[in-house]
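Heads up: the structure comes next, in structure tokens.
The values are calculated or read from the model by the stated rules, or taken from the named source; none is laboratory data. If you're wondering where the values come from, they're calculated on a predicted model, not measured in any experiment. So basically every Cβ, Gly included, is an ideal-geometry build from the backbone, and we count neighbours across all protein chains shown.
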């Protein structure tokens, strides 16, 4: 289960934002974003940021109304 902040970080990654931009948007430290990214990669069983973005796209498709 992803935390609300992890979901927000994942949305930022999916939008193509840098960690620094995600941190600014969420009002958290860049190091905190990195920690959330590490947790996301572990939970999603992926190895890099691109795979997190792909997973976000897949989750969005599943969660979309009418999908």
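Rundown of residues vs (1) at pLDDT 95 or above; (2) outside any loop (DSSP other than H, G, I, E, B); (3) surrounded by 16 or more Cβ atoms within 10 Å (Cβ to Cβ), yes/no style:
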| residue | (1), (2), (3) |
| --- | --- |
| 34 | yes, yes, no |
| 41 | yes, yes, yes |
| 46 | yes, no, no |
| 55 | no, yes, yes |
| 61 | no, yes, no |
| 66 | no, no, no |
Residue within the range 4-14 that is modelled with pLDDT of 95 or more and in a loop (DSSP other than H, G, I, E, B) present: no
